[in-house]
Amino acid sequence: MPDLNLDRGWDLHPQVSVRPEPFGALLYHFGTRKLSFLKDTTLLAVVRTLAEAPTARAACAAAGIAESDLPRYQRALSTLAKSSMVIERAS
Amino acid sequence: MVSAKKTSPTEFGPAAPEQSVGFDLESDTLVEEISIDGMCGVY
């Protein structure tokens, strides 16, 4: 699976609902009927910040993610992109 | 839990801790996914 491009803008899909949970969050896609478990509250912060951030990298930075942790979050965002939970912003 | 009858995406409040889904938080994977077929999904 190719990694999500951190230097592009990304948005939460408009058909996705976010439900915060003590462990992170549940994302439900009303179009695909897929359910994603975010097992980290920092990842939830990233997902919530995506729409306002110019790039996914900026959203990660705003959530306080260290450079050394970026690959882990990039993989998580790639998983969400593969299932259309997050979509690349049209430029 | 998530209602399949919902038609407009919204953000809804957190569940009570006893309603939380349990899984291995030690895993390096930050995201796990399931598909919901029919009226309910089993994880």
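Each reported figure results from applying straightforward, stated rules to the coordinates on display, with no laboratory input. Since we're looking at a predicted model, the values are computed, not measured. Note: ideal-geometry Cβ built from the backbone for every residue, glycine included; neighbour counts use all protein chains shown.
Here are a few things to note about the model shown:
- Whole-angstrom gap from the range A:51-86 to the range A:1-19, using each part's C-alpha centre: 8
- Loop chymotrypsin sites (Phe, Trp or Tyr not before Pro), the range A:1-38, which have at most 14 other Cβ atoms in a 10 Å radius of their Cβ (DSSP): none
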